[in-house]
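Structure first, commentary second.
Please treat every number below as a calculation from the coordinates, not as lab data. The structure presented is a predicted model; accordingly, all values stated were derived computationally and were not measured. Cβ: placed from backbone, ideal geometry, glycine included. Neighbour counts: every protein chain shown.
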2 protein chains.
Amino acid sequence: MQRMTRQRSAVTDALDGLEDFRSAQQMHELLRERGEGVGLATVYRTLQSLADDGAVDVLRTADGESVYRKCARTGHHHHLVCRGCGRTAEIEGPGVEAWAAQVGAAHGFDAIEHTVELTGLCGECRTPER
Amino acid sequence: MQRMTRQRSAVTDALDGLEDFRSAQQMHELLRERGEGVGLATVYRTLQSLADDGAVDVLRTADGESVYRKCARTGHHHHLVCRGCGRTAEIEGPGVEAWAAQVGAAHGFDAIEHTVELTGLCGECRTPER
DNA sequence: TTATCTGCAAACATTTTGCAGCGAG
DNA sequence: CTCGCTGCAAAATGTTTGCAGATAA
């Protein structure tokens, strides 16, 4: 069904080494830096096929980019990203999972998935020149 | 600050008459059908400025379009979107806001903003042919 | 061998922007 | 009268696709 090509394993390997979401373009650049040249179109095609297989999670950012992350079925968690420096902290939402399922059920929805992303300013970025 | 032009009121009037999300392009076409010609760029600019003012909610569809709806509820709230038919329900997260702020503070982050989107399958989409 | 994958560049879709002219205040 | 707003078309952005050649099986 799917051939195991150099490019495809390069993409999946890169994904395995990452914990958070990356855009297709970021993946493309990352692979380029590693010396594993992969065409941008191939990155898109590969990520898309992985997403179709449910091997990665896809998410759309506020500015219209698709971001991908290896599907960590176990140990779901969320991120807290600094708007200033991009630093990220991993967090776990004890109540959020339950809240999502409950709210969904209350509206007659099933198979609930949730996206929770937090952004803020970390200690170092909180007091810039202002 | 903002001038009340024919185009701007055409857009806000159209929004007032709608209950659900529409894309900028749909709004553009709707206005055209009404005979109230408004340039596509103006529709984008107007919707964007309304969004900045918090007068409309913005949401990105799975295929990358931005959709807008008049902000019914005052104050911050979230959405539950059906992956099958796109139907949306407004929800409020009593605990989520507090949880976000608290988690942020625990990591030394300030000025927390959060993105929470829930997707699921609504009652009618739950049992398709698959 | 051969059907699939890849790379490139051109095509696409959505959104943004530059600029001259219009018009609200 | 003055700026901000508008419309148009061109540009930018992110993603998809056609096709010839490479390649896994």
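Applying 1/(1 + (r/R0)^6) with r as the Cβ-Cβ distance of residue B:40 and residue A:58 and R0 = 22 angstrom yields a FRET efficiency of 0.20. Label-to-label distance, residue A:16 versus residue B:48, with points set 7 angstrom from Cα along the beta-carbon direction: 4.3 nm.
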